[in-house]
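S.K.: Here it is: the structure, laid out below.
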Amino acid sequence: MPSAIITGGKGGLGQALTAEFLQAGWDVDAPGREELDVTDGIAVKNYFSSRDPDLVVCNAGLVRDKPLAGLLESDWDQVLAVNLDGAANCARWASRSMLGKRTGHLVFISSYSALHPPTGQSAYAAAKAGLLGLMKSLARELGPAGIRVNAVLPGFLETSMTVGVSPERREAVRSGHVLGAFNTPAAVARFIRTLQEDLPYTSGQVFQLDSRIA
């Protein structure tokens with residue numbers, strides 16, 4: 001039975017991914033922060049030392065939106081620690097077992113903000129943009145061992161992470177979508193399953209899944 005690890009597993013996208021892969025017959029471990037704090041390098045090392053996943057989705061994320069001049073240094077550090085450093089921690093230790101069996105797939109959940117950051121989202125945009133550089137570098141590094149690395153930009157999702165967005169801001173974001181609608185966690189989960197199961201020769205790619213056009 002193939003196995004998947006989904007970090008940030010208690011959020012809306014994490015739950016959708018869990019449901020999608022369980023339905024497909026996968027063994028899924030989807031730890032939330034209480035089970036796996038991705039910013040704790042030792043905890044991440046210990047977690048992956050006893051696991052041998054075929055797929056790791058680095059989904060843990062955190063938002064602290066504010067103009068840079070008013071953003072606390074601790075908030076900047078926390079956003080980078082969760083969104084970028086945490087993904088790198090997981091990739092570092094997960095790839096070790098993948099190298100041993102010369103197969104595997106790492107998927108980083110990045111953001112539209114990595115490419116088109118809005119005002120007041122400097123920390124999040126920087127972290128998610130960093131994921132794209134990390135993904136492309138690792139795709140080159142791990143490709144010769146048969147390990148794939150890709151990034152997915154899900155788009156604005158109606159989840160707990162966006163519940164605090166004002167109705168006015170929500171509609172402003174929606175208006176930038178040519179289809180006039182947001183993506184859904186379930187649709188993103190189906191895409192990632194398709195990427196995993198049906199596109200075995202795809203690596204080093206960035207997939208934007210909503211209908212915004214740059």
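S.K.: Restricting to the range 98-140, and then to whatever is buried (at least 19 other Cβ atoms within 10 Å of the Cβ) and part of a loop (DSSP other than H, G, I, E, B), can you tell me which residue is nearest to the chain's Cα centre (by Cα)?
M.R.: Ser110
S.K.: Given (1) out of contact with any Asp or Glu (no Cβ under 8 Å at 6 or more places or on another chain); (2) more than 23 Å from Thr103 (Cβ to Cβ), identify the lone condition not met by Val56.
M.R.: For Val56, the exception is condition (2).
S.K.: On to the next question. Name the residues in the range 176-207 that are closer than 19 Å to Pro2 by Cβ, assigned to a helix (DSSP H, G or I) and under 19 Å from the mean Cα position of the chain (by Cα), would you?
M.R.: Looking only at the range 176-207, we keep the residues that are closer than 19 Å to Pro2 by Cβ, and these are 189-203.
Restricting the remaining residues to those that are assigned to a helix (DSSP H, G or I) gives 189-198.
Result: Ala189, Arg190, Phe191, Ile192, Arg193, Thr194, Leu195, Gln196, Glu197.
S.K.: List every residue pair whose Cβ atoms sit under 8 Å apart, with the two residues 6 or more apart in sequence or on different chains, where the first one lies in the range 197-214 and is aliphatic (A, V, I, L, M) and the second, anywhere, is assigned to a loop (DSSP other than H, G, I, E, B).
M.R.: Partner pairs satisfying both residue conditions: Val206/Ser110; Leu209/Pro154; Leu209/Gly155; Leu209/Asn183; Ile213/Val178; Ala214/Leu115; Ala214/His116.
S.K.: Does any residue of the range 176-189 turn out to be out of contact with any Asp or Glu (no Cβ under 6 Å at 6 or more places or on another chain), at pLDDT below 90 and loosely packed, with under 13 Cβ neighbours inside 10 Å?
M.R.: Taking every residue of the range 176-189 in turn, at least one turns out to be out of contact with any Asp or Glu (no Cβ under 6 Å at 6 or more places or on another chain), at pLDDT below 90 and loosely packed, with under 13 Cβ neighbours inside 10 Å.
The values are calculated or read from the model by the stated rules, or taken from the named source; none is laboratory data. Remember, predicted model here, so these are calculated numbers, not experimental data. As a convention, Cβ positions derive from the backbone with ideal geometry for all residues, glycine included, and neighbour counts pool all protein chains shown.
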